[in-house]
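Undergrad: For reference, the structure I am asking about is given below.
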Amino acid sequence: MMPQVVIVGGGMVGLSLSLMLAKANIRVKLLEAIQYPDLSESELHHYHSSFDARNSALSRRSVEIYNKLGLWARLQEYATPIRQVHITEEGGFGKARLLAEQENVENFGQVIENAWLGRVLLSEVKKNNLIELIDGIEVTALTQNEKQVTVQAKRKQENIQIQSQLVVAADGRDSFCRQALGVDASVHDYEQVAIVTTVQTSKPHHHVGFERFSALGPLALLPLPGENRRSVVWPVKKGTEEQWLGSENDQKFLDALQHTYGGRAGKFEKTGKRFCYPLSQVLSHKQAIGRVVLMGNAAHTIHPVAGQGFNLCLRDADVLVRFLSNHLKTSEDIGDQELLKAYEQARLIDQQRVIKFCDTVVRGFSHQNPVLKFVRNTGLIAFDIIPGIKPIVATYAMGLKA
Ligand SMILES: Cc1cc2nc3c(=O)[nH]c(=O)nc-3n(C[C@H](O)[C@H](O)[C@H](O)COP(=O)(O)OP(=O)(O)OC[C@H]3O[C@@H](n4cnc5c(N)ncnc54)[C@H](O)[C@@H]3O)c2cc1C
């Protein structure tokens with residue numbers, strides 16, 4: 001039977017979206033270029049390019065989305081809640097704190113290992129009768145007319161053609177589909193590379209997430225399952241990353257963390273392998289193009305400074321599925337262009353708010369000018385003591401205001 005929706009790209013967004021569509025009784029064909037790893041136990045840390053060594057901070061809204069899909073019970077096994085957020089600047093006097101109990105919530109969200117998230121999503125997709133998953137297939141052309149989209153793809157030596165009323169392109173930051181459709185994107189290179197790893201500290205994390213703005217770059221330390229394990233995301237200046245990589249630099253990296261963080265986490269005892277991610281902002285000029293919708297990093301790739309990128313993508317996916325399933329109650333055309341335009345319009349405010357916030361934080365904290373530093377630290381203090389600000393920020397950070 002013909003799929004109602006073809007999804008190009010089976011990263012965390014493509015896999016999540018396909019499960020949401022199937023839950024709404026919509027038939028999906030999911031095409032992923034890279035072959036997935038085996039799901040046997042020994043393969044847990046054979047990473048796929050999309051669900052790799054990183055950890056993701058999932059907002060409360062994202063947790064709710066996975067809960068609605070019936071997946072949270074399994075995901076929880078490798079997740080841990082964030083109950084406090086502390087923001088400071090190295091060498092500064094300001095400090096801002098968000099406490100879950102003050103905001104009357106049990107937590108602000110959960111940190112989950114991407115490898116586990118991807119593994120659970122993939123195993124659910126493989127079990128689902130409404131989803132046909134093809135991996136090791138690369139989409140090589142995309143054309144459309146008034147009635148349908150035609151996807152051409154290559155798998156080993158075989159050329160495959162698939163037709164559908166609607167295509168969702170979740171094929172990542174350098175989206176082939178976006179380019180094939182002739183859609184421009186604004187690109188800003190932050191000239192930074194995120195160093196990502198897991199560390200062990202002598203003091204337990206007590207479910208506190210830290211963001212510390214340092215001269216080297218904004219360092220995020222998030223709690224992981226296991227009381228003393230923490231996830232590190234440290235964007236540093238492009239070109240300086242080599243000195244932190246490789247096992248020969250383990251101690252140097254631990255010393256740099258210790259120096260930047262001081263004694264709050266106790267001693268930084270052990271570090272895992274470090275991985276690198278070049279950071280840029282890529283914003284597509286259009287997200288609904290005829291019968292094609294761009295989603296995930298293909299639509300908007302943002303700086304990971306506040307851990308918002310994937311959360312935003314999940315909210316997009318949630319709204320798209322709601323639009324499609326409502327539409328199907330009165331129409332048979334799931335790729336109705338007016339409907340897709342309405343979806344694009346409906347997502348603008350949330351997307352622009354998150355994009356602007358992350359970009360402002362990165363740019364605002366990257367200057368070492370003493371006057372700017374003073375203004376920033378005064379801002380952190382103001383944030384900490386002025387009543388009324390925290391609940392607003394907390395609501396947005398939890399993804400509850402879209
Ligand atoms: C260091 C770092 C930390 C982050 N931390 C957080 C966080 O804490 N919280 C948060 O919300 N977000 C976070 N993010 C953002 C998050 O990782 C991204 O939003 C998310 O990975 C986007 O997933 P995606 O599926 O859209 O893209 P991708 O992961 O790039 O997946 C795209 C998929 O499409 C496939 N593909 C590409 N071209 C084709 C083709 N022609 N044919 C078929 N398939 C194709 C690729 O193989 C790939 O599997 C972080 C990002 C970084 C860099």
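The values are calculated or read from the model by the stated rules, or taken from the named source; none is laboratory data. Because the structure is a prediction, the values reported are computed rather than measured. Positions of Cβ are generated from backbone atoms using ideal geometry, with glycine treated the same way; all protein chains shown enter the neighbour counts. The area values use the complete protein model at the heavy-atom level, side chains included, leaving out ligands, DNA and RNA. Shrake-Rupley method; radii C 1.70, N 1.55, O 1.52, S 1.80 Å.
Undergrad: Do the conditions hold for Gln157, that is, is it at pLDDT below 95 and buried (at least 20 other Cβ atoms within 10 Å of the Cβ)?
TA: Answer is no for this residue.
Undergrad: Got a sec? Which of Leu166, Leu142, Leu121, Leu99 is open to solvent by 20 Å² or more (accessible area, probe 1.4 Å) and not basic (Lys, Arg)? Working first, answer last.
TA: On the way: Leu166 fails: open to solvent by 20 Å² or more (accessible area, probe 1.4 Å); Leu142 fails: open to solvent by 20 Å² or more (accessible area, probe 1.4 Å); Leu121 fails: open to solvent by 20 Å² or more (accessible area, probe 1.4 Å).
Answer to the check: Leu99.
Undergrad: A further question on this structure: Can we say Ala180 is over 30 Å from Thr271 (Cβ atoms), free of Cβ contacts under 8 Å to residues at least 60 places away in the same chain and among the aliphatic types (A, V, I, L, M)?
TA: Working: over 30 Å from Thr271 (Cβ atoms): yes; free of Cβ contacts under 8 Å to residues at least 60 places away in the same chain: yes; among the aliphatic types (A, V, I, L, M): yes.
Criteria met by Ala180.
Every residue, every condition in (1) at pLDDT below 95; (2) more than 13 Å from the ligand (Cβ to nearest atom); (3) of a type in the set (S, T, N, Q); (4) surrounded by fewer than 24 Cβ atoms within 10 Å (Cβ to Cβ), yes or no:
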site: Val6; (1), (2), (3), (4): no, no, no, no
site: Gly9; (1), (2), (3), (4): no, no, no, no
site: Val13; (1), (2), (3), (4): no, no, no, no
site: Ile26; (1), (2), (3), (4): no, yes, no, yes
site: Tyr47; (1), (2), (3), (4): yes, no, no, yes
site: Ala57; (1), (2), (3), (4): yes, no, no, no
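Undergrad: Of all the residues that make up region 123-152, how many are among the small types (Gly, Ala, Ser) and in a helix (DSSP H, G or I)?
TA: 1
Undergrad: Right, Val293: out of contact with any Leu (no Cβ under 7 Å at 6 or more places or on another chain) and among the β-branched types (Val, Ile, Thr) or not?
TA: Against the criterion (out of contact with any Leu (no Cβ under 7 Å at 6 or more places or on another chain) and among the β-branched types (Val, Ile, Thr)), Val293 does not qualify.
Undergrad: Let me ask something else. Contact list please: Cβ distance under 9 Å, first residue in region 295-309 and within 13 Å of Arg178 (Cα to Cα) and more than 7 Å from the ligand (Cβ to nearest atom), second residue in a helix (DSSP H, G or I) and among the polar types (S, T, N, Q), pairs at least six apart or on different chains.
TA: Qualifying pairs under 9 Å: Ala299/Gln351; His300/Gln351.
Undergrad: Is it the case, given these coordinates, that Ala185 is more than 25 Å from Ala53 (Cβ to Cβ) and within 25 Å of the chain's Cα centre (by Cα)?
TA: yes
Undergrad: Looking only at region 28-42, count every residue that is part of a loop (DSSP other than H, G, I, E, B) and away from the ligand (no atom under 13 Å from the Cβ) and tell me the total. Outline the logic, then answer.
TA: Keep residues of region 28-42 that are part of a loop (DSSP other than H, G, I, E, B), which gives 33-40.
Still in the running and away from the ligand (no atom under 13 Å from the Cβ): 38-40.
Total meeting the criteria: 3.
Undergrad: Follow-up. Contact list please: Cβ distance under 8 Å, first residue in region 153-164 and part of a strand (DSSP E or B), second residue surrounded by 10 or more Cβ atoms within 10 Å (Cβ to Cβ) and of a type in the set (Gly, Ala, Ser), pairs at least six apart or on different chains.
TA: These pairs meet every condition: Arg155/Gly136; Asn159/Ala153; Ile160/Ala153; Gln161/Ala153; Ile162/Ala153; Ser164/Gly335.
Undergrad: What are the residues in region 189-217 that are touching a residue at least 60 places away in the same chain (Cβ under 8 Å), closer than 23 Å to Gln281 by Cα and more than 14 Å from the ligand (Cβ to nearest atom), if any?
TA: Within region 189-217, Arg212, Phe213, Ser214, Ala215 qualify.
Undergrad: Filter region 308-345 down to residues that are under 30 Å from Phe108 (Cα atoms) and of a type in the set (D, E, K, R) and give me whichever is surrounded by the most Cβ atoms within 10 Å (Cβ to Cβ).
TA: Of the residues in region 308-345, the ones under 30 Å from Phe108 (Cα atoms) are 308-325, 343-345.
When the remaining residues are screened for being of a type in the set (D, E, K, R), the result is 315-316, 318, 322, 344.
Values: Arg315: 20, Asp316: 27, Asp318: 19, Arg322: 14, Glu344: 19.
Per the stated criteria, the residue is Asp316.
Undergrad: Then there is this: Considering only residues that are closer than 18 Å to Tyr277 by Cβ and either open to solvent by less than 50 Å² (accessible area, probe 1.4 Å) or within 11 Å of the ligand (Cβ to nearest atom) (or both), which ones fall in region 171-188?
TA: Asp171, Gly172, Arg173, Asp174, Ser175
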